[in-house]
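A.B. asks: Supplied in structure tokens, the structure appears directly below.
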Amino acid sequence: NYYGGNWASFSFSGLLSWIKENQQKTDVSDECEDWRKLILEGEEAIPLSRKDKTIQHVEDFCFGDQDSAEGVEEAGALPKLPVFGASGAQGVSPNSECPAVQSPCPEPESQEPELGTEPEGAMEPQGAAEPEGATEGSGAGTSPASETSPGQPTLQPEHTEAAPSKTSPQEPKKITYSHIVREGRRFNIDLVSKLLYSRGLLIDLLIKSNVSRYAEFKNATRVLAFREGKVEQVPCSRADVFNSKQLTMVEKRMLMKFLTFCLDYDQHPEEYQAHESSTFAEFLQTQKLTPSLQHFILHSIAMVSETQCRTLEGLQATKKFLQCLGRYGNTPFLFPLYGQGEIPQCFCRLCAVFGGIYCLRHAVRCLVVDKASGRCKAIVDHFGQRISANYFIVEDSYLSEDTCTNVCYRQISRAVLITDQSVLNTDSEQQVSVLTVPPLDEGRPAVCVVELCSSTMTCMKDTYLVHLTCPSTQTAREDLEPVVQKLFNLHAEKETENEELEKPRVLWAVYFNMRDSSGVEKNSYNGLPSNVYVCSGPDSALGNDCAVKQAETIFQDMFPTEEFCPPPPNPEDIIYDENEIEPEESGFSDSAEAKPESSAEESSSGEGAAVKKEE
């Protein structure tokens, strides 16, 4: 029903619809099996799953007066809009019957704010209400993908910060549940919490493929640590280290010496070879570092496990962190405006410009396999239509239990909070923070916390959006609630005790477990033909390297002589030979045409089984 699968972003009402859908326990029955009649002699079918089972244990909580929101509508909401999800998600029942459509691919915004400026009052994502302070007509429409200026600045350093709010950090503005519902379209809530390493594979791919023209980014402004029950800022860059008031002069020299060694550790193997079988935490204890410096390096810079990470792995993680510093700001991380769900849509936009077609609410019933060759030759959709192709790419969640009997999945524990103030108040309210909370008990994993401010265009003014992620050991609530209780105040305002007053108050929260299918080998699936490729869902890592590597591996398997995501030509420079344009065989009357401009307008983007046709 929506773009992006488990990589999607939702408005608040869209997320509530998603929660309701995933809390329903009923299985979808195959009420009509007419598609089986389309399987010919010499063919066999591999049925696909009718229900996405990758999300479990969904629990949501409102810590304010929920009754006050009765009858309150989302500002600027469009009733009966048939599609919800992605950055312009709408609160529409996921079970409503809608015909399959071929709607436009999400368009890039023509007037999005430049990085380094305060985006308040700028254009909202597609379908969103005009923000306060927007001038008349500034957010009235979108422009086709091909009209986006190639010179539009995107991956640029951020030099300015928002002016501090007039409201004192000690006296946050009172936000009620009805405020959240009314301003729900200002929220872009990611199902998966990721950041982009400034020298990571995804940034390199965005720049190389020119997909970066469709997105804008904000620097993560600070890296935090949780030590001895308090949240404090970690000095990362050389300037941060020497300006830090929490480190002594001796500690500053120790830290700089060790970080300098980590940048070229591979040139000095004698320094670490004797400790290769030790954990990184044990190696740090041999480096004449104080306990506070060891904590900062282990949990906030390398961001690795205290008990499982070996020395070499820890040195590699520290080096990666340090190499990413300074490219776009004082931290290694970037965050896309309007949420992580913008990234898959950006690639979909480019694909649509060059003729890709994406269909929402268009179910696929089965894969059709030729018994003689063992290759997949077609799919059958819920209209009873056969679509033939040479290659088939399917997301793991589409595969049935019979296909996945030998697969052992991991799980990710996720929580999303809406809070009234930051975990660490400073003069500037517009902070994007990364915090790693060490395991609170033995056997528990560390928890990665990403806190987003309103200038990321993911939450309303005077609130923060907080994402918590860790590998699952129990249900998401059991894994993450102890950390939430350490960092935040979960009590209603009138029940708040004195020691809880200084903590940010949670206004609303949701917990859920998400399947982690990364790392599953293709031969673990039963009976999949060689020309069917499986994509995993999101993994638990903070970066995106796993997804980029997987995409490139699949592409190279299909087209070993082709370059992966080459720089595209400008759409206006492409001249199509009419004789080479074949009519679509899939029965769509509004399929992509020769002109890239019309392709972008007539195609739509969505998650699911993609069909690749060879010319």
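A.B. asks: At most 14 other Cβ atoms within 10 Å and a DSSP loop assignment: could you name the GluC sites (Glu not before Pro) in the range 207-283 that fit?
C.D. replies: Glu228, Glu276
A.B. asks: Convert each backbone phi in the range 247-253 into a coupling constant with the Karplus relation 6.51 cos²θ - 1.76 cosθ + 1.60 (shift: θ = phi - 60°), then list the ³J(HN,Hα) values in order as whole Hz, x for Gly and Pro.
C.D. replies: With the stated coefficients, the range 247-253 comes to 10, 6, 4, 5, 5, 4, 5 Hz.
A.B. asks: Next question. Kirkwood hydrodynamic radius (Cα pairs, Å) of the range 251-324?
C.D. replies: With all distinct Cα pairs of the range 251-324 included, I get 12.0 Å.
A.B. asks: With a cut-off of at most 16 other beta carbons within 10 Å, and DSSP calling the residue loop, which chymotrypsin sites (Phe, Trp or Tyr not before Pro) in the range 309-399 qualify? Please list them.
C.D. replies: Loop-located and lightly packed - Phe354, Phe383.
A.B. asks: Report the Rg/Rh value for the range 396-453, based on alpha-carbon coordinates and the Kirkwood definition of Rh.
C.D. replies: Rg/Rh: 1.18.
A.B. asks: While we're here: Too long at a 20 Å Cα-Cα cut-off: which of Lys522/Lys549; Lys230/Lys503; Lys230/Lys486; Lys194/Lys522?
C.D. replies: Over 20 Å apart, Cα to Cα: Lys194/Lys522.
A.B. asks: Could you pull out the GluC sites (Glu not before Pro) across the range 330-409 that fall in loop regions by DSSP (anything but H, G, I, E, B) with no more than 15 other Cβ atoms inside 10 Å?
C.D. replies: Glu401
A.B. asks: Something else about it: Using θ = phi - 60° and the Karplus relation 6.51 cos²θ - 1.76 cosθ + 1.60, list the HN-Hα couplings for the range 217-233 in order, rounded to whole Hz, with x at every Gly or Pro.
C.D. replies: 10, 10, 5, 5, 8, 7, 10, 10, 10, 10, 9, 6, x, 10, 9, 9, 7
A.B. asks: Assuming 0.890 mPa s and 25 °C, estimate D for the range 339-383 with Stokes-Einstein, Rh taken as the Kirkwood radius over Cα pairs, in µm²/s.
C.D. replies: Rounded to a whole number, D works out at 187 µm²/s.
A.B. asks: Now for a separate question. With the cut-off at 14 Å, report for the range 427-485 the share of all Cα pairs above it, as a whole percent.
C.D. replies: Counting every Cα pair in the range 427-485, those more than 14 Å apart make up 57 percent.
No value in this document is a laboratory result; all are computed from the given coordinates. What you are looking at is a predicted structure, and each value in this text was computed from that prediction instead of being measured. FYI the Cβ positions are ideal-geometry reconstructions off the backbone, even for glycines, and counts take in every protein chain you see.
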